[in-house]
1. Have a look at LEU313, LEU322 and point out the one that is on the phi < 0 side of the Ramachandran plot, outside any helix (DSSP H, G or I), of a type outside the set (D, E, K, R) and touching a residue at least 12 places away in the same chain (Cβ under 8 Å).
2. If ALA147 satisfies every condition in (1) surrounded by fewer than 17 Cβ atoms within 10 Å (Cβ to Cβ); (2) of a type outside the set (Ser, Thr, Tyr); (3) within 19 Å of LYS160 (Cβ to Cβ) but one, which is the exception?
3. Kindly provide the set of residues from segment 226-251 that are over 18 Å from LEU196 (Cβ atoms) and assigned to a helix (DSSP H, G or I), ordered by number.
4. Being surrounded by fewer than 19 Cβ atoms within 10 Å (Cβ to Cβ), farther than 21 Å from LYS330 by Cβ and out of contact with any helix residue (DSSP H, G or I) (no Cβ under 8 Å at 6 or more places or on another chain), is that true of even one residue in segment 366-375?
5. In segment 162-205, which residues are assigned to a loop (DSSP other than H, G, I, E, B) and either under 24 Å from the mean Cα position of the chain (by Cα) or loosely packed, with under 12 Cβ neighbours inside 10 Å (or both)?
6. Let me confirm something: among LYS121, LYS104, which residue is in a helix (DSSP H, G or I) and surrounded by fewer than 21 Cβ atoms within 10 Å (Cβ to Cβ)?
7. Given the structure, is GLU381 over 30 Å from GLN439 (Cα atoms) and surrounded by fewer than 24 Cβ atoms within 10 Å (Cβ to Cβ)?
8. Consider ARG81 carefully, then state whether it is in a helix (DSSP H, G or I), loosely packed, with under 13 Cβ neighbours inside 10 Å and among the charged types (D, E, K, R).
Amino acid sequence: MKLLIGSNPWTNSFVSRILRVVAYSTKTLSRPSASPSKPPDTLNIRVSRSGDPKASIIPVLNQWLEEGKPIKQSMVQVIIRQLRSFRRYRHALELSEYMAEEMKCNVTVGDMAVRLDLISKVHGVDQAEKYFNSLPEDMRTFKVYGALLHCYANHKCLEKAEATMQILRELGLPINAVSYNVMLNLYHHLGKHDKLDVLMQEMTDKGIKHDAFTNSIRLNAYVSSSDIEGMEKFLTRIENDAETTMDWHAYVIASNAYSKAKLTEKAVQMLSRAEQLVPPGSRKHAYEVFLTLYTNLGRKDSVHRIWKLYGNLGKFFNSGYLCMISSLVKLDDLDGAERVLAEWESGCSLFDARIPNVMISAYCRNGFVEKAEAYTKRLIEKGVIKEPDAFILNSLATGYYMDGQMAKAVETLRAAISTSSSGWKPNTGTLSACLKYLQGENNLEAAHELLELLNVKGLLSADVNDRLVRSLIDRESPDEESTRIHGGQNEGTS
């Protein structure tokens, strides 16, 4: 019996409306506030709401001006900084260009350095170099050269980065630890660990103090080389250095190294030391890191202890709930994860789709697909989401596959692909199982449609697509293959 692609395990509107993805960042699980206050109308807020990376941000500024409201250079600089922090580089670059070319502002070397960095992120190295070469010699200060150095390092252009560093030396510009760290990090990622100690010695000779980032890069290099002995010696050296303030990240790196080497007790010992060094302002982030690391080490008691410390901060964050639920799921404590999920639901103010997605995925992987369905329907009934997104559908498809409900698995996976956006990938095991099922059902047309949909969405690399297509062709008879490939060419030809 052939599977009808138009059938749907959820609702008839699923495929017909292509499952519009809900804007999760503005939805709440709890009831709305009794008297919501109207947010202030500022240029920053209008820009932040214009999040479509493909749409220009300039109309937002023009509208602001048409309303008779001024735009100051300082306002634009602040917005650019905010956009960069949210990785909205294209919009930030638009504003940088607008500030210089439309507003005719007196652009500083700092503005130029920021623009160079943005050009490299949006348009690549060549355009960044073109902009740098257009700048007057007297404007090529340390900040601008520093941005160029970052550009080369980010794009792994080793020779150009080394040449830029040499120019900084020859010009006598004040090279600081940041520039050295950029080069150290580049050497580390390219596996040129022999150059690390040479560069660090140069820092020492010039009186440039190794900071926490310098030490972290060196420690990470030892870890990636599986050089436990070297890491231990370096860690001891910085511990005994009276001028070095130990940073908790150093012990986290050491813990990861021991964990990688299956030295669990030493890994736990390093995390214990790290806990003692976390400054008050970093506790939220640190506790979330510790939750993940103690989970990886299988220390459930420590996970609950850290969660209690997290609660002492006075406020729980979505990122914390995500870490804790993910940890309990990984530790096979679904009951505990459900309790934390219920706590999140009762008190959260902003909905974070990742949290229910983790729970739904856990239900499906553990054979509780009915629970996953029920929870998804409850989210819809509460008005939290309009329809399941690609991540939820992907998990459900996996659940159906593991439960032997292959017709539902195929249709749900197809719906997931239809509604997917950037950053999403199908579960390869589920995809493979669905294709095999369609082959077994002699429904090769539906299998080809599924692959074509993946191809249109850009979710398969060319080699993977070719391999999957070839596997389907191998299952077809010569006559069927010829008809499928050449049949369309015969139609409409004279």
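1. Unique residue meeting the criteria: LEU313.
2. Status for ALA147: all satisfied but (1).
3. Of everything in segment 226-251, those that are over 18 Å from LEU196 (Cβ atoms) and assigned to a helix (DSSP H, G or I) turn out to be GLU239, TRP248, TYR251.
4. Yes: segment 366-375 contains one or more residues that are surrounded by fewer than 19 Cβ atoms within 10 Å (Cβ to Cβ), farther than 21 Å from LYS330 by Cβ and out of contact with any helix residue (DSSP H, G or I) (no Cβ under 8 Å at 6 or more places or on another chain).
5. Selection gives GLY172, PRO174, LEU190, GLY191.
6. The conditions single out LYS121.
7. In short, yes.
8. yes
The values are calculated or read from the model by the stated rules, or taken from the named source; none is laboratory data. Just so it is clear, the model here is predicted, and its values are computed rather than measured. No Cβ is skipped: glycine too gets one built from the backbone with ideal geometry, and neighbour counts run over all protein chains shown.
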